[in-house]
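A short worksheet on the structure shown next.
The values are calculated or read from the model by the stated rules, or taken from the named source; none is laboratory data. These figures come from a predicted structure and were not determined experimentally. Every residue, glycine among them, receives a Cβ derived from its backbone with ideal geometry; neighbour counts consider all protein chains shown.
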Amino acid sequence: MTDARPRPRRYSVFAIAREAMRLHTGWTRAWADPTPKKRYQVVVVGAGGHGLATAYYLGKNHGITDVAIVEKGWLGGGNTGRNTTIIRSNYLQDPSAAIYDKSLKLYEDLSQDLNYNVMFSPRGLIMLAQTEHEVRGYKRTVYANHLQGVATEWIEPARVKELVPIINLDGPRYPVLGGLYQERGGTARHDAVAWGYARACSAMGMDIIQNCEVTGIDTASGAVTGIRTTRGEIGCDKLVLVAAGHSTVLADMAGFRLPIESMALQALVSEPIKPCMDVVVMANTVHGYLSQSDKGEMVIGGGTDGFVNYTQRGSWHHVEETVRALIETFPMISRLKMLRQWGGIVDMTGDRSPILSTTPVGNIFVNCGWGTGGFKAIPGSGWAMAELVAKGTPGPLAEAFGMNRFREGRFIDESVAAGVAH
Ligand SMILES: Cc1cc2nc3c(=O)[nH]c(=O)nc-3n(C[C@H](O)[C@H](O)[C@H](O)COP(=O)(O)OP(=O)(O)OC[C@H]3O[C@@H](n4cnc5c(N)ncnc54)[C@H](O)[C@@H]3O)c2cc1C
C-alpha cells in the first residue's frame, strides 16, 4: 500500500514514445492507494462506474474534492466490470431519454475529458422487432425520440440484413419484421470507464479506498454522521450510497427501505472469430442480445433470474436458454464454442427506471435501481447525482427519479417500452 499520490501524467502519443525510449520504466500508478482519513466532506459507497462518476463530477463541476470512494472489493469489480457494455439512449419516457442522451453525449468525448481511452465505439445498435406488438412499440419509440430530439429511426428488414449479414430474417417462430436503429449507439470498454474515472478522481486528490466494506451507518438527530467499515470508522458530512445490488443492504443500515429487488443477471462470450458483425443487436422477444468484441468474441447477454438472489456467477441453464433463443435468428452461433460465463447482482425497480434521490435520513443520498441497463448511464448519472449531492436538491436531469415517485404513483415506466433494458 502506498499513500504517495501519483503525480498525474498526461497520457499522449509523446508519453508513449518517451516511455518506449526508456523501456517503460517511467509509468506511475494510475491512482493512489491511501489510508482512510478520519473525516471527509463526502463519502461515496461503491467504486463502480456510478460511484466514481458521481465523485468525478462533484470535483469537476462543483469543486468538491474532499471525497472518499469506499469499495468493499476492487474498483469496477461489481456490475460495472461484468456487463455487456451496450450504450444507447433510445428510451421511451422523456426523463429517461434526457438522462440517457446526456450520458451518450458525455460518452462521445469521455476519452478526451478523462485523458483515458474508454474505447467508446459508436457502431450502431438495432433492437429487432419480431412480433407485430414490437413493431408498434418501436415505431412509438421512434416518434417519441423525434419529439425528444434523440436521433433514432425505424428500419425495414432489408436494411437490417444489410447492416447484419449474418442474420436470418425468416425465423420459423419469430421472423424479423424491422428494427429500431440508433446509429449513435454502441459499446465502450467497461473496465476502462471505471479506471478512467478512478484515475481522474485520484488526480483531483480524492481517496479511493478499496477492500473496505461498509458495515454500519451512524446517524444523530436524523442525519448522517459517519460510517463503520472493515478499515475503521470514517466521519462524513454527506453520504452517497451507490451500491447497485447491495443498495437495500446499505439502506437497512441507515434505517430506511428501498423499492429494489436484487437478482443475478448473466452473460457469456464465445471463442474469438473473424469480424462478422459490426453493430450491436438486441432481440428482445426471444431475450438475447449480442455484439462482437474487438478480440473477436461474440458477447452475449441473457435475462435475469426469476427470483431474488445475490449470486454473482453464471449458470448452465442460462447459457443454454440464451443461446437456444438466439440460434433461430443467428444460426451461425450454433457452431461456436462458448468460452466464459458470469453474473452480476442487478438492482431492479418496479418501473425499471433508476433512483437518484434524497432519503428519509438527512444528508444521505442514493443512486441505484439501474438494474440491467446502467452502464450506458454512468456519465449522465454521475453528472446528475453530483448536482443533487452538491446542492441538496435535484437538477432537471434527476428530479423525476426521486424515490417518492413510488409512493406518489409517478412511475417512469420503461419495462414495457424496453422489453429488455440493456
Ligand atoms: C451480465 C450483465 C450485463 C449487463 N449489460 C449491460 C449493458 O449491456 N448495458 C448497460 O447499460 N448496462 C448493462 N448492465 C447493467 C450495468 O452493469 C449496471 O447497471 C451498472 O454497471 C451499475 O453500476 P454501479 O456503479 O451502480 O454498480 P456496481 O458496478 O455494481 O458498483 C457497486 C459497487 O458497490 C460495492 N459495494 C456493495 N456493497 C458495499 C459495501 N457494503 N461497502 C462497500 N462497497 C460496497 C460493490 O462491491 C460494487 O463494486 C449489465 C449488468 C450485468 C450484470
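Restricting to the stretch 60-117, name every residue that is in contact with a strand residue (DSSP E or B) (Cβ under 8 Å, 6 or more places away or on another chain), in the same structural domain as A400 (by TED's automatic domain parsing) and in a helix (DSSP H, G or I).
Of everything in the stretch 60-117, just one residue is in contact with a strand residue (DSSP E or B) (Cβ under 8 Å, 6 or more places away or on another chain), in the same structural domain as A400 (by TED's automatic domain parsing) and in a helix (DSSP H, G or I), namely N79.
Looking only at the stretch 243-261, which residues are closer than 20 Å to F375 by Cα and either out of contact with any Ser or Thr (no Cβ under 6 Å at 6 or more places or on another chain) or more than 10 Å from the ligand (Cβ to nearest atom) (or both)?
A243, A244, H246, S247, T248, I260, E261, listed by residue number.
What's the number of the only condition in (1) near the ligand (Cβ under 7 Å from one of its atoms); (2) within 17 Å of I209 (Cβ to Cβ); (3) not hydrophobic (A, V, I, L, M, F, W, C) that R82 fails to meet?
Answer for R82: the failing condition is (2).
List the pairs whose first member sits in the stretch 65-79 and is among the charged types (D, E, K, R) and near the ligand (Cβ under 8 Å from one of its atoms), whose second member is assigned to a loop (DSSP other than H, G, I, E, B) and modelled with pLDDT of 95 or more, and whose Cβ atoms are under 6 Å apart, counting only residues at least 6 apart or on separate chains?
E71/A47; E71/Q210; K72/E213
So which of A55, A32 is more than 16 Å from the ligand (Cβ to nearest atom) and of a type in the set (A, V, I, L, M, F, W, C)?
None of the others qualify; the one that does is A32.
Being touching a Leu at 6+ places or on another chain (Cβ under 8 Å) and over 21 Å from H287 (Cβ atoms) is the filter here, so list the residues in the stretch 156-182 that pass it.
K161
For the stretch 55-64, indicate whether the set of residues that are buried (at least 24 other Cβ atoms within 10 Å of the Cβ) and either without any contact (Cβ under 8 Å) to a residue 24 or more places away in the chain or not hydroxyl-bearing (S, T, Y) (or both) is non-empty.
Yes, the stretch 55-64 contains at least one residue that is buried (at least 24 other Cβ atoms within 10 Å of the Cβ) and either without any contact (Cβ under 8 Å) to a residue 24 or more places away in the chain or not hydroxyl-bearing (S, T, Y) (or both).
So, in the stretch 262-313, exactly how many residues are away from the ligand (no atom under 11 Å from the Cβ), surrounded by 23 or more Cβ atoms within 10 Å (Cβ to Cβ) and at pLDDT below 90?
1
Yes/no matrix, rows are residues, columns are (1) within 16 Å of G380 (Cβ to Cβ); (2) over 20 Å from the mean Cα position of the chain (by Cα):
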{"position": "L104", "(1), (2)": "yes, no"}
{"position": "E108", "(1), (2)": "yes, no"}
{"position": "S111", "(1), (2)": "no, no"}
{"position": "N117", "(1), (2)": "no, no"}
{"position": "S121", "(1), (2)": "no, no"}
{"position": "M127", "(1), (2)": "no, no"}
{"position": "E132", "(1), (2)": "no, yes"}
{"position": "R140", "(1), (2)": "no, yes"}
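What strands (runs of 3 or more DSSP E) completely inside the stretch 162-265 contain at least 2 residues that are aromatic (F, W, Y)?
none
Quick check on my filter: what residues within the stretch 150-183 are free of Cβ contacts under 8 Å to residues at least 24 places away in the same chain and among the small types (G, A, S)?
Scanning the stretch 150-183 gives a single hit, A158.
Can you name the condition, by its number, that R324 falls short on among (1) closer than 30 Å to D351 by Cα; (2) exposed (fewer than 14 other Cβ atoms within 10 Å of the Cβ); (3) within 16 Å of the ligand (Cβ to nearest atom)?
(3)
For R231, work out the one condition from (1) out of contact with any Phe, Trp or Tyr (no Cβ under 7 Å at 6 or more places or on another chain); (2) under 30 Å from M277 (Cα atoms) it doesn't fulfil.
All conditions pass for R231, except number (2).
Report those strands (runs of 3 or more DSSP E) wholly inside the stretch 279-383 carrying at least 1 residues which are not assigned by TED's automatic domain parsing to the domain that holds V42.
The qualifying strands (runs of 3 or more DSSP E) are 280-283, 288-292, 297-304, 338-348.
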